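Read through the structure below, which is laid out as structure tokens, and then see the notes.
The values are calculated or read from the model by the stated rules, or taken from the named source; none is laboratory data. Predicted model, so just to flag it, every value in this text is computed and none were measured. Reconstructed Cβ throughout: ideal geometry from the backbone, glycine too, with neighbour counts over all protein chains shown.
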Amino acid sequence: MRWLSYGAVLVVCLWGVGAGAKTAFAAEMVVTNRQGVTLAVAQDDTEPALVLTLPNRPGIAIRVLFPEHVTVNRRGANDVERLYLYRPGKAGVRPQWRVAGSTLTYESDLKQDVHLLARATLEDDGILFHYELKNRSQVDYETVNSITDPRMLASLHDERLERTYVHYKDGFALLGAETPERLTMPLVQWFPVRYLASYTWPVPAQRVEKRGDDITYYNTSRAVDEPLIATVSTDRRWVVASFTKNTGNVWSNPELTCQHVDPSKPLPAGGEAVIEVKVLIFQGTLDQALEKERAQRQALQ
């Protein structure tokens, strides 16, 4: 993958960042919002990732793979093709980032002559992730996915799904509520695991699945009514909630406490697709997160 250069850009901004974080952020591109939430380009990996800190709290609160991967599915084909996969470490060439106001942007050329522009905008209540994918090939893709992967750390980490919620017609419920044994089973038995709740996709008949990847997949017995997954902090002051305009399901890998809403779009030959995901990050309640999601969701692309 070749990163496109826009010349060297260096921004040193430390608004709302405690003294312990200054060393880590001193050479990064950093933006902040009126809550004191800070979003920065991660420096420990070459490939695109972002780190987020909360005001008056030590350490990184969320690490976002931006994206985790980009995959396409050709029309009439059953197999997906991966155009990009995030890999940790400092191998390869670092993308050239740009900053404009509260937005961090980079561009890259992916496999199969697909071009990606990725933009993260720190808003007062969270981050808007925006991907523009241009297909410069003559191949029609039925779908393209650019997967935003926010991973909860510190007080947001929730490996037993005790503070991670989805929304049903009768209100919020814990994503893992139908598996109470998760709270006491040894972690070596609980991991590796994925917990999924259908939105537009049919609810799987099999509640627990073991697939060829040795991961246990748990499916909720009913569909959610909002394309939303939310985690609250241990002190229940902060809410992080991912949502999109439309998706097949929402899910989490609790070992990472990641939130996935994963929309997909068609990407025809010579055409383009725009994919957006919003991650709310604010001090408040789950009900407030639901209000924000319902007010903002239809404006997403």
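Annotations for the structure displayed:
- Listed by position, the strands (runs of 3 or more DSSP E) enclosed by the stretch 97-189 that each have at least 2 residues that are under 25 Å from ILE60 (Cβ atoms) are 98-100, 103-109, 114-123, 126-135, 149-152, 164-168.
- A search for C-beta distances below 8 Å between a residue of the stretch 173-197 that is in the same structural domain as ILE215 (by TED's automatic domain parsing) and of a type in the set (S, T, N, Q) and any residue that is surrounded by 19 or more Cβ atoms within 10 Å (Cβ to Cβ) and modelled with pLDDT of 95 or more, counting only pairs 6+ apart in sequence or on different chains, returns THR179/TYR195; THR179/TYR218.
- Answer residue from the stretch 56-88, given it is over 21 Å from the mean Cα position of the chain (by Cα) and within 17 Å of LEU156 (Cβ to Cβ) and is surrounded by the most Cβ atoms within 10 Å (Cβ to Cβ) among those: ARG57
- Test: residue in the stretch 204-214 that is on the phi > 0 side of the Ramachandran plot and without any contact (Cβ under 8 Å) to a residue 40 or more places away in the chain: yes
- Against the test of being surrounded by fewer than 12 Cβ atoms within 10 Å (Cβ to Cβ) and either among the aromatic types (Phe, Trp, Tyr) or touching a strand residue (DSSP E or B) at 6+ places or on another chain (Cβ under 9 Å) (or both), the options THR148, THR200, THR164, THR143 yield a single qualifying residue, THR200.
- Taking the criterion of being surrounded by 20 or more Cβ atoms within 10 Å (Cβ to Cβ) and either more than 14 Å from the chain's Cα centre (by Cα) or more than 18 Å from LEU128 (Cβ to Cβ) (or both), the residues of the stretch 266-281 that qualify are LEU267, ALA273.
- Cβ pairs under 7 Å, 6+ apart, first in the stretch 268-288 and modelled with pLDDT of 95 or more, second in a strand (DSSP E or B) and among the acidic types (Asp, Glu): GLU272/GLU132; VAL274/GLU132
- Identity of the residue in the stretch 206-235, closer than 16 Å to CYS258 by Cβ and hydrophobic (A, V, I, L, M, F, W, C), that ends up surrounded by the most Cβ atoms within 10 Å (Cβ to Cβ): LEU228
- Per-region count, the stretch 167-197, residues exposed (fewer than 13 other Cβ atoms within 10 Å of the Cβ) and either within 21 Å of GLN288 (Cα to Cα) or touching a helix residue (DSSP H, G or I) at 6+ places or on another chain (Cβ under 7 Å) (or both): 3
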